[in-house]
1. With no solvent and one equal point scatterer per Cα, compute the Debye intensity ratio I(q)/I(0) for the stretch 86-213 at 0.09, 0.12, 0.15, 0.17 Å⁻¹ and report its log10, rounded to two decimals.
2. Could you state the per residue volume, in Å³, of the convex hull enclosing the Cα atoms of the stretch 9-246?
3. Residue by residue, what Karplus-based ³J(HN,Hα) values in Hz, rounded to whole numbers, does the stretch 40-56 have, using 6.51, -1.76 and 1.60 with θ = phi - 60° and x for Gly and Pro?
4. Quick one: Karplus J couplings for the stretch 213-225, per residue in order, coefficients 6.51, -1.76, 1.60, θ = phi - 60°, nearest Hz, x for Gly and Pro?
5. Pick from Lys223, Lys70, Lys232: which residue has the top mean-square fluctuation in a GNM of the chain where Cα pairs under 10 Å get a spring?
6. Between Lys80 and Leu236, what length comes free when the chain is fully extended (0.36 nm per residue of separation minus the Cα-Cα distance, one decimal in nm)?
7. Which listed residue (Pro190, Ile83, Pro235) has the Cα farthest towards the positive end of the charge dipole for the chain, taking +1 on Lys and Arg C-beta and -1 on Asp and Glu C-beta about the Cα centre?
8. For Phe49, which sequence-distant residues (separation of 5 or more, or a different chain) have an amide H within less than 5 Å of its own amide H, given hydrogens modelled in the peptide plane?
Amino acid sequence: MRRMTGLALLTVAAAAVPAGGHYPMLLPAAAGGKKGEAITLTYQWGHPFEHQLFDAPPPVSLTVRAPDGKQTDQTASLEKTTIGEGEKKVTAYRMRFLPAERGDYTFVLRTPPVWMEEDGEFLQDTVAVVLHVQTQKGWDKAGGEDEWEPLTRPYGLPPGVAFQARLGGAAGALVEVERCNPTPPEKLPPDEEITRTAKTDPNGIVTATLTEPGWWCLTATVKRGTKERDGKTYPLRQRATLWVHVNGQAVGG
């Protein structure tokens, strides 16, 4: 992911954040929860595989879609915090969520469009994750065209599963797939083994094999519309990220 070329530095709220290869991570403390028991979600920013974290750009919005499809605005629930050890502390955002019913809750966080000086365009991120609460209901619901629609259930998966998702209006879009390590690896593999790449088919569907346990992200980049700056019009590039959880062992293993 950090191999994408031509990306300048993100400047959000006067804080410089290097954008090349930095991705939004929206992760619950566990892939599943229970009705009536609070769970913490963290929004952070950085290299997932290397576990290199940087200050997260302030989010514009956070919505939660309940198992019945009803959406609520949870932006005010986000609390700014710092994470990391020693002098390597960075800005992140957290919220505590209390599931009121059984089923699947989809959290969708959006960042503002950010001007990319080197590329002469704007970049905007949408990141989503599904929290499973005791029963399978609602994991396949999706929002607008900037959000992935899971075609495979995005939790309770065995290692080696072939996962599929669809992004509307994104035929032939480049999709980057990467696992998130909870701590920095002692030794990094070759670059092409850190970030896998694929393309969506004519229907906007991508297939990715998730080989190891843990959290995986699928990130597609699509040009959508334009935005003005200093009286001129520039392209708007959107990235859609979906986080998927793979269990610790194969079924029956």
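Bear in mind these aren't lab numbers, they're just calculated from the coordinates by the rules spelled out. These numbers come from a predicted model, not from an experiment. Neighbour counts are summed over all protein chains in view; Cβ atoms, including those assigned to glycine, are modelled from backbone coordinates with ideal geometry.
1. Scattering profile of the stretch 86-213, log10 relative to I(0): -0.35, -0.63, -1.00, -1.25.
2. Given the Cα convex hull of the stretch 9-246, per-residue volume reads 133 Å³.
3. So the J values, rounded to whole Hz, are 9, 10, 10, 9, 9, 9, x, 8, x, 5, 6, 6, 9, 10, 9, 4, 7.
4. Once θ is set to phi - 60°, the couplings for the stretch 213-225 become x, x, 8, 10, 10, 10, 10, 10, 10, 9, 7, 9, x Hz.
5. Evaluated over the chain, the most mobile residue of the options is Lys232.
6. Details: separation 156, 0.36 × 156 = 56.16 nm, distance 2.73 nm.
Value of the extension gain: 53.4 nm.
7. Ranked along the dipole, the leading option is Ile83.
8. Asn181
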